[in-house]
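Rule-based calculations on the coordinates, nothing more; no lab input. Because the structure is a prediction, the values reported are computed rather than measured. When we count neighbours, we look across all protein chains shown, and the Cβ atoms used for this are built from the backbone with ideal geometry, even at glycine.
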Amino acid sequence: MVGYQLKLKSLIFVLALLVYGVSVANAADVSWSELSDAQRKVLNPLASEWDTLRPWQREKMLDIAKDYPKMNADKQALVKERLTNWSRMTPYERENARKRHQQFNALSTDKKAELRKKWLEYQKLPESERAKLRADSPDTYTDADLN
Amino acid sequence: MSASENKYIDQATALDASVEDQIARNMVELLNSHAQKLPEAQAARLADARSLAIGRLVNREAQLAGHSLHRNGHALQWRGGRWGHYFEQHRILSALLIIGVMLFALFAVQQLSVSHQMENSDAFLLASDLPPEAYADKGFTAWLDTN
């Protein structure tokens, strides 16, 4: 009887996990026409390439659409402006950006302001010089870090 | 009945008991001596049968002990009163209750970490003070180290 109960509990747990996994997988595997109006409004810069994105890429973009309404108008404008470039970055670049963003969030206000200034200075460097800096920098993360 | 006849009957009864006892002793000796001379196959079968019988007895006693423990030591009976009795009588319901509590705990943990996730979500990265390119650019990181 005890064994039977244990098996029943295990079965319910496994079924719950299965249902959750299938629902998550299906949520990301949607075509552009299947998106809601609100999602299409946010993800509009990606309309032409949405159906070519892989499910895991769509899932990340849908997460962005989900968080979008929580922002003020200025932040929303920034998201729309940067979304296309973000979708075209490699998984490595995106993962690198996420980790750097976390580090940036932990900085003081002064440090953040200083970094913004530095970024503007860096943008003024000739593209050849920036390309050389990128080429000379070793990769920080391994393939295992990417998703 | 005369006294001599009674005496005769007592002697005969004592003789019968003595003979019976002797016959029984002879039978035991005979069985013992034959038991020593049993063929190996028969001895093995007897040993197997004995093990089987002992095993069944042990199992039955263990089941009885388990049933007794379940009746008297069920965890939900700690609750006492009619609720403890109710849950004991509805084992599937108690299993579902445990799963429900686990799911609620999972939901609570997710809700508690929402604010942390929001700060680190891709949407907030895109709306950050720096563009995603700044975080992903290895050249910028290298340039910061030297400036």
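Quick one: if the Förster radius is 45 Å, what FRET efficiency do B:Lys7 and B:Val28 give, using the C-beta to C-beta distance and rounding to 0.05? It would help to have the intermediate numbers written out before the result.
Working: r = 32 Å, r/R0 = 0.71.
The pair B:Lys7/B:Val28 has a calculated efficiency of 0.90.
Working note: Debye formula, equal point scatterers on the alpha-carbon atoms of the stretch A:19-106, no solvent; log10 I(q)/I(0) at q = 0.13, 0.17, 0.25 Å⁻¹ is -0.46, -0.78, -1.40. Listed values for the stretch A:124-138 are Karplus-derived 3J(HN,Hα) couplings in whole Hz (6.51 cos²θ - 1.76 cosθ + 1.60, θ = phi - 60°), namely 7, 5, x, 4, 4, 5, 5, 5, 5, 4, 5, 5, 7, 8, x, and x replaces Gly and Pro. Counting charges near B:Phe140 (Lys, Arg +1; Asp, Glu -1) among other residues having Cβ under 11 Å from its Cβ returns a value of +1.
Sequentially through the stretch B:49-54, phi angles give Karplus couplings (6.51, -1.76, 1.60; θ = phi - 60°) of 4, 5, 4, 4, 5, 5 Hz, Gly and Pro residues having no value and appearing as x. If you plug the beta carbon distance of B:Leu97 and B:Leu64 into 1/(1 + (r/R0)^6) with R0 = 35 Å, you get a FRET efficiency near 0.80. Per-residue Karplus couplings for the stretch B:26-43, computed as 6.51 cos²θ - 1.76 cosθ + 1.60 with θ equal to phi - 60°, are listed in order as 4, 5, 4, 4, 4, 4, 4, 5, 6, 4, 5, 9, 5, x, 4, 5, 5, 4 Hz, Gly and Pro entered as x.
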